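Accompanying notes for the structure given below.
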Amino acid sequence: MKDIANFLFEVGMLKKTPRSGFQFLGSGGESVAEHILRTIFIGYTLCKLEKGVDECRVMKICLMHDLPEARTGDMNYVNKKYVNVDEQKAVRELTETLFFGDDIKSAIDEFNEKASRESLLAHDADQLALILQLKEYGDLGNKYSEEWIRYAVKRLHTDTAKKMACSIMETDSSHWWFKDKSDWWVNGNSGYGQ
């Protein structure tokens, strides 16, 4: 149980590990844990749109894909030009004491190999999470986000993800909560409890 407790403490580091690319974007930010959460929901949604995929596998890959960053930190594209991260060592050391470590390692390896349909959907979920984040910042005025999105879209593998990216780009990020332009926004009355 001690090894499991250590693993769960390590997972908690993902909340404290920043995604480092936003320093170049000039605005915004998120932790690796926040990114993983959105990636999981996107992976789930992609599975509902794609037929014949192993939903559980996609979800597991999405859940585990950035777990090594609790040890390595997040390396953005500029960092990767100069720094070599030994992710295999991080994965080995994080999984070797866990009786379910092979399962975690298998999911991370599958993500990195990009050979299965499930891994491609997980990669698309990862990029769509970035695209959503960039669209939100663009809607708030970041002039670089649109250019970054164009590169992220080029990294998408499936037609479903490409269609989703188009829909994201055509949708105002505040529309889900601000689409009802009724008197409620003036009076603050929901009509309940009166």
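Here are the numbers for this structure:
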read-out: Inter-centroid distance (Cα atoms) of segment 140-159 relative to segment 35-103, Å; value: 21 Å
read-out: Quotient of Cα Rg and 2.2 N^0.38 Å for the chain, N being how many residues it contains; value: 1.17
read-out: Relative contact order, percent, the chain [alpha-carbon distance under 8 Å, six or more residues apart]; value: 21 percent
read-out: Dipole magnitude of the chain, debye to nearest 20 (Cβ charges: Lys/Arg +1, Asp/Glu -1, about Cα centre); value: 340 debye
read-out: Sorted peptide list for 172-182, 144-154, 79-89, 62-72, criterion being average Cβ within 10 angstrom, highest first; value: 62-72, 144-154, 79-89, 172-182
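The numbers here are math on the coordinates, done by the rules we state, and not lab data. Please read all numbers here as calculations on a predicted model, not as lab measurements. When we count neighbours, we look across all protein chains shown, and the Cβ atoms used for this are built from the backbone with ideal geometry, even at glycine.
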